[in-house]
Amino acid sequence: MQQQVDMPRLLEALDDWGAVRLGALGPVSEDASHLLQRKRAAFLVSATERYGPFHAEVFALFVLHSAHDDEVDAVLRLLARDKQLGQTLALMPAVRQELEKRGLSLSHYPERAEQSGDVLRGLGRAARDALSTSQTVEGPRYMEMTGRWTQLPPPYQQAAHEVERALALRHFSADSVALGTFDAMTFGVPLGFYYLVAGTGQGASSLSQGHYEQATRELAPALLLGTLYAGGKGLRTPSEVRSATGVQATELRSRGLRELARQVEAKLGVDGLRELAQNIRARREVGRFVAVGGVDAALALRQARGDVARAQALMSKARPGAAGASATRSGVQKGPEQVAILADDAARPLLDGTGAAERAGSLASLVDEGAGLTREVVEARLAQVELESPGPRLPRNLAVLEKQRPSADAPPPGAKVSPLWPEYVAYYEKRLGELKQGTAVEGPLRWAPYELMRGWFDRGLAFERFMMTLLEADARLPRAERRFLGAFHEPRIHRYVGVKKPESGLRYADVLIIEEDGLAGGPPRVETFSFKSRNLSGLKYEALVAQMIADAREALGKYGGTLDIRRDSLQFLLRGGSKVPVQRVRLVYEGGQLKPKDVDALRKAVTATREEVPGVEVLFQ
């Protein structure tokens, strides 16, 4: 359903409570996640102010239980940034206890310093506990609150009524109005998909019967969570369930849930279930990947040790024709949808052989000597991408950097299963040393933006590999049938060729095409390609044009004009020396889901870019 709508626009249109309810159904898409966390934080603030901390605690637990750890972390950071933690979640004992259990203690989220505006905000909040002492005060607020109770799952409704009775009897204190963790609902793991469980008719308890009677308390929640995420699609689709009603439908759904649980447990094993549940709870990205990909995605995730990008690559390798070799060798061109699928699934290099799992995700795994992607090239390209990354960075203050120095043995909760964490520690240490020597101008990226930057870097390399396959297939076609290389007699395709210009220094061209036919006089024909995996889908027209013009100018500045080709093996083709003019520069964007949806706006943006930077041809693949 999310793929059929504009999720950011949908979330913007919902009020805060509506967004909270939507987020409880499962992990939202990446482009809408930050909006959901913003609305969750805003709802917690308003609920505490309007209903009082005791009543709001029920809603807060609902928010907490339906969010992944990285989402909760984002909400806590938003509240701390606005100095709202002390006025909301810090007043709720059950919430504090739940956060402690998940490794998200409020002590890890210091609030900002006092500001002048906080005084006015505090005055406006003076009566926030009115409902804590009388359910008849502020009638409209009470009606609003009780109306929202009916939209909560039954365990939360029951908890809300218990709080109501305790407050009415005035026999309460901060400790006696404790709410627990609702273990009866989903074995202590009430993370999304609650409504799917409820639809089975006591679906959660069904998993504790049969051969699951001997399951431990640790395995039971992992089994439930793994089943609902990895098998959710299969549970909803059978036609007999859709056509049945009443008790029959409930029994069919319950039977389907039990069968799916057996399949998931058989394929993943006990340890695999534990790891899957931990990964799903920790990161929204993992939950969405498994929910969309089903059991196959869960298996790939286990093989990739929790690394979503590598799991996508493993699924791509298993998918027939994913590499695109057979289609391109026969001259068949892939459309944007196929290219997008490949680039998504091949976000990391595919590795075979002994030790592949240990090497995956590291810089060494990206090296491809045969294609010209040496260690030197990988490090140079990654350094350039890191330098240009807009992600938030730590300050250049050496004392702060020393204090926050990461340890390879103590990764944060979101990095425990990531093979990139040791690389990040090494990167941090290197940048710290450069700052001490005065050779660096920027502080290191924080962990989350570094991980995101590396994901896009790997995705870009995957797109380059795919485009290389297309170009090689194009070169084998008769000249009149070629799409890209029709201007060449005998095109010779090279990747990551070192090229130098006085104004830009040494760069590595994504692809350089040089004419191998020595019959033509003068310097050989040379063309260059620059590939971009950049998400342009959400940009307005003005921003889209500005981005494309900036990319075109960069491509022309680095790979256009007269290039000094530094690769020794190509010197015999140059004839007139290493410095040669480039006849054409092509800027090729990855299409699919990254491509702007407004076709007319995209066409106008491409035209405007070509007019502004006439030496560059802009394409989407």
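The numbers here are math on the coordinates, done by the rules we state, and not lab data. Computed from a prediction, not measured in an experiment: that's the story for all the values here.
Compactness ratio for the range 397-522: Cα radius of gyration over 2.2 N^0.38 Å (N = residue count) comes to 1.58.
I'd like the distance separating the alpha-carbon centroids of the range 384-429 and the range 63-77, in whole Å. So the two Cα centres are separated by 22 Å.
What is the range 393-459's relative contact order, in percent, from Cα pairs under 8 angstrom and six or more apart in sequence? Mind showing how you got there, number by number?
Numbers: 43 pairs, mean separation 28.3, N = 67.
Dividing the mean separation by the residue count of the range 393-459 yields 42 percent.
Between amide H atoms placed 1.01 Å from N, distances below 5 Å from residue 373 occur with 368, all of them 5 or more places distant or on a separate chain. The phi-based Karplus calculation (6.51 cos²θ - 1.76 cosθ + 1.60; θ = phi - 60°) puts the 3J(HN,Hα) values of the range 83-90 at 6, 10, 4, x, 9, 10, 5, 5 Hz, whole numbers, x for Gly and Pro. With Cα atoms defining each centre, the range 480-532 and the range 549-619 are spaced 11 Å apart in the structure. Taking amide H atoms as placed 1.01 Å from N in the peptide plane, the amide H of residue 83 lies under 5 Å from those of 112, each 5 or more residues away in sequence or on another chain. Decide, for the range 487-620, between rounded, prolate and oblate: order the square roots of the alpha carbon gyration tensor eigenvalues as a ≥ b ≥ c, take rounded if a/c falls under 1.5, and otherwise choose prolate if a/b is larger than b/c, else oblate. Taking the square roots of the gyration eigenvalues as a ≥ b ≥ c, the range 487-620 is prolate.
For residue 563, the amide hydrogen comes within under 5 Å of the amide hydrogens of 580, 582, counting only partners 5 or more places away or on other chains and with H modelled in the peptide plane. For the range 462-501, the Kirkwood hydrodynamic radius comes to 11.2 Å, computed from all pairs of different C-alpha atoms. Pairs of lysine residues in the range 487-620 that meet both criteria, 8 or more places apart or on different chains and Cα atoms under 28 Å apart, total 20.
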